[in-house]
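Please read the structure below before turning to the comments.
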Amino acid sequence: MRRRPRAERLLGGAAEPSAPRAERPVTEAPPALRRAALVVGVEALALAVVAAVLLFLTLTSSPDSVGRALAEVVYVGLTAGLLGAAAVGLWRVKGWARAPVVALQLLLAVLGYTLAFEADLPLLGVPVLVLVGIELYLLATPEARLAYFDR
C-alpha cells in the first residue's frame, strides 16, 4: 500500500486513483436545434450592441442617475452573455441551455409587445416578437425535443 501525501490524508483524497471515465457519446444537434442556437446567437449579438449603445449614451450624456444607467448597461450586458452561453449550449445539445432560453424569450416577448403596441414603436417591437416566435417554434419542434430525450 502506498503512502498518501499529507494533504490527501487531511483533506480526504481518494484512497486509490479512480478509473478513467467512460467516453460519453457525442449527440449531434438536429437542424432545428442548430437554427435555434443561431437565432439565440443573433439575439445575444443584438443585445450586446444595445448594451454598447447604452454605455455610449450614458457616458456622453447626463442621465438623471448614473448608477441606474450603468446598472441598465450591466443588466443588458449580462443578458447578452447569458444568451450567448445558451446559444453555445444549444449547439452542443446541453440540457441546461433550454430553460434560460425559454425564460428569456418570454421576457423578450413582453418587451416586444410593449415596444410594438404600447410604446408605438412597431419597427423595434415587431422584429423582437418575430425572433421570439421563431425561437420558441424551433425549440418546440419534435426533432429539437427528441435531441434532449435521446440523451
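Below is a table of values for the structure above.
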read-out: Subset tally (residues that are outside any helix (DSSP H, G or I) and either open to solvent by less than 20 Å² (accessible area, probe 1.4 Å) or more than 21 Å from T141 (Cα to Cα) (or both)) for segment 74-113; value: 1
read-out: Test: residue in segment 43-61 that is in contact (Cβ under 8 Å) with a residue 40 or more places away in the chain and either closer than 30 Å to A147 by Cβ or open to solvent by 70 Å² or more (accessible area, probe 1.4 Å) (or both); value: yes
read-out: Those residues of segment 9-42 which are hydrophobic (A, V, I, L, M, F, W, C) and at pLDDT 75 or above, in sequence order; value: A29, A32, L33, A36, A37, L38, V39, V40, V42
read-out: A71, sole failed condition from (1) without any contact (Cβ under 8 Å) to a residue 40 or more places away in the chain; (2) open to solvent by 80 Å² or more (accessible area, probe 1.4 Å); value: (2)
read-out: Condition check for V126: at pLDDT 95 or above, part of a helix (DSSP H, G or I), surrounded by 13 or more Cβ atoms within 10 Å (Cβ to Cβ) and not acidic (D, E); value: yes
read-out: Test for Y148: is it within 17 Å of V39 (Cβ to Cβ) and of a type in the set (S, T, Y); value: no
read-out: All positions within segment 131-151 that are open to solvent by 80 Å² or more (accessible area, probe 1.4 Å) and either on the phi > 0 side of the Ramachandran plot or in contact with a Gly (Cβ under 9 Å, 6 or more places away or on another chain) (or both); value: R151
read-out: Subset of segment 129-151 [part of a helix (DSSP H, G or I) and among the charged types (D, E, K, R)]; value: E135, E143, R145
read-out: Checklist (1) over 30 Å from A140 (Cβ atoms); (2) open to solvent by 40 Å² or more (accessible area, probe 1.4 Å); (3) under 20 Å from the mean Cα position of the chain (by Cα) applied to R34, failing item; value: (1)
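The values are calculated or read from the model by the stated rules, or taken from the named source; none is laboratory data. Keep in mind that this is a model prediction, so the values were computed, not measured. All Cβ positions, even for glycine, are placed from backbone atoms using ideal geometry, and neighbour counts span all protein chains on display. These area figures cover heavy atoms from the full protein model, side chains too; ligands, DNA and RNA do not enter into them. Shrake-Rupley method; radii C 1.70, N 1.55, O 1.52, S 1.80 Å.
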